[in-house]
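J.: Following this message is one structure expressed as structure tokens.
The values are calculated or read from the model by the stated rules, or taken from the named source; none is laboratory data. Not measured: the values here are computed from a predicted model. Cβ coordinates were reconstructed from backbone atoms using ideal geometry, including for glycine residues, and neighbour counts include every protein chain displayed.
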């Protein structure tokens, strides 16, 4: 039996939105349908620029009569400011939640006891990522203490992007980064900020690059290193751990490399590339 493990995620923080118009307000902004939020039914979503480019990654949950956003700590103050700008006259209170810790909880089961002060839910992107756990400072999480590298290894094994580490802000497109396959886009909900480009990308088949799992026989270079094919730029390396990582690559270049053409190279290191299992075409 696998050991119950909690892993602190210091790069994440929480915002709380509360008020009678919260879900309608949020629904007009994010890529998923906030009206479907309910206790025990969290969402994965993004907030885009008006031009349809990625800005913020969100895990969204309904808890304690409010809507909570689990997001990147570095960009959370900017996100809070932007939400308040969009609020106008909507009856919504928006506040950063200091004094909280965000954890990944691996190998949890029905018998796992969550402290009464906290909240846990299955990751809405992929159940294989375990549960997300929110606890006030000073409240001990259940299970053994794991290392962040353990969670990183799992995330990269599954091929799941991690916010702005893997998606360039104000440039990346949701469908290049598998948001639809990760349950992060609702194409039936109607308008939201940046919706037009996201819909056009899907319905006109405009995706020419995607995020791939890449593997090498040596540790991968730094994030941002250029991947080439036959001397021509084919993409860019994103986050990695040892020989395993993610890279945004041109579909045509990957097709050539996997069909017996020249290898993909990153600073002289040969790469193999494949789509994550959750995003691969179904038979």
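J.: With the requirement that a residue be free of Cβ contacts under 8 Å to residues at least 60 places away in the same chain and surrounded by 15 or more Cβ atoms within 10 Å (Cβ to Cβ), what does segment 169-198 give you?
T.: 175, 180
J.: If you check 237, 271, 197, 206, which single one turns out to be under 24 Å from residue 181 (Cβ atoms) and in a loop (DSSP other than H, G, I, E, B)?
T.: Answer to the check: 206.
J.: Out of all the residues in segment 255-274, is one or more crowded, with 18+ Cβ neighbours inside 10 Å and either at pLDDT below 95 or under 26 Å from residue 43 (Cβ atoms) (or both)?
T.: No - not one qualifying residue is present in segment 255-274.
J.: May I pose another question? Considering only residues that are modelled with pLDDT under 95 and either within 25 Å of the chain's Cα centre (by Cα) or not in a loop (DSSP other than H, G, I, E, B) (or both), which ones fall in segment 99-112?
T.: The one that is modelled with pLDDT under 95 and either within 25 Å of the chain's Cα centre (by Cα) or not in a loop (DSSP other than H, G, I, E, B) (or both): 109.
J.: Suppose the filter is in contact with a strand residue (DSSP E or B) (Cβ under 7 Å, 6 or more places away or on another chain) and farther than 23 Å from residue 97 by Cβ; does residue 180 pass it?
T.: No, not satisfied.
J.: How many residues does segment 240-268 hold that are without any contact (Cβ under 8 Å) to a residue 40 or more places away in the chain and either assigned to a strand (DSSP E or B) or under 19 Å from the mean Cα position of the chain (by Cα) (or both)?
T.: Number of matching residues: 2.
J.: Could you list all residues from segment 79-102 that are in contact with a strand residue (DSSP E or B) (Cβ under 8 Å, 6 or more places away or on another chain) and surrounded by 14 or more Cβ atoms within 10 Å (Cβ to Cβ)?
T.: Scanning segment 79-102 gives 79, 80, 82, 83, 87, 92, 94, 96, 97, 100, 101, 102.
J.: Also, quick follow-up: Scanning for something closer than 24 Å to residue 130 by Cβ and either crowded, with 18+ Cβ neighbours inside 10 Å or touching a strand residue (DSSP E or B) at 6+ places or on another chain (Cβ under 7 Å) (or both), does segment 20-31 turn up at least one residue?
T.: Yes, segment 20-31 contains at least one residue that is closer than 24 Å to residue 130 by Cβ and either crowded, with 18+ Cβ neighbours inside 10 Å or touching a strand residue (DSSP E or B) at 6+ places or on another chain (Cβ under 7 Å) (or both).
J.: Only one of (1) within 18 Å of the chain's Cα centre (by Cα); (2) over 21 Å from residue 46 (Cα atoms); (3) modelled with pLDDT of 95 or more is not met by residue 210, so which one is it?
T.: (2) is the only condition that residue 210 fails.
J.: What about residue 179, is it assigned to a loop (DSSP other than H, G, I, E, B), closer than 24 Å to residue 125 by Cα and either in the same structural domain as residue 26 (by TED's automatic domain parsing) or modelled with pLDDT of 95 or more (or both)?
T.: For residue 179, the condition - assigned to a loop (DSSP other than H, G, I, E, B), closer than 24 Å to residue 125 by Cα and either in the same structural domain as residue 26 (by TED's automatic domain parsing) or modelled with pLDDT of 95 or more (or both) - is met.
J.: Considering each residue of segment 103-114, count those that are out of contact with any helix residue (DSSP H, G or I) (no Cβ under 9 Å at 6 or more places or on another chain) and closer than 20 Å to residue 12 by Cα, and give that number.
T.: 3
J.: Being surrounded by fewer than 18 Cβ atoms within 10 Å (Cβ to Cβ) and under 25 Å from residue 131 (Cβ atoms) is the filter here; which residues of segment 39-74 pass it?
T.: 39, 40, 41, 63, 64, 65, 66, 73, 74
J.: Here is a follow-up. List the residue pairs whose Cβ atoms are under 6 Å apart, where the first residue sits in segment 70-82 and is in the same structural domain as residue 125 (by TED's automatic domain parsing) and under 20 Å from residue 123 (Cβ atoms), the second is surrounded by fewer than 18 Cβ atoms within 10 Å (Cβ to Cβ) and at pLDDT 95 or above, and the two are 6 or more positions apart or on different chains.
T.: Sorted first by the residue in segment 70-82, then by its partner, the pairs are 73/11.
J.: Further question on the same structure: Could you tell me which of the residues 115, 142, 221, 124 is part of a loop (DSSP other than H, G, I, E, B), more than 21 Å from residue 49 (Cα to Cα), outside the structural domain of residue 72 (by TED's automatic domain parsing) and touching a strand residue (DSSP E or B) at 6+ places or on another chain (Cβ under 9 Å)?
T.: Residue meeting the stated conditions: 221.
J.: So residue 11 passes all but one of these: (1) closer than 23 Å to residue 189 by Cβ; (2) modelled with pLDDT of 95 or more. Which condition number does it fail?
T.: Looking at each condition in turn, residue 11 falls short on (1).
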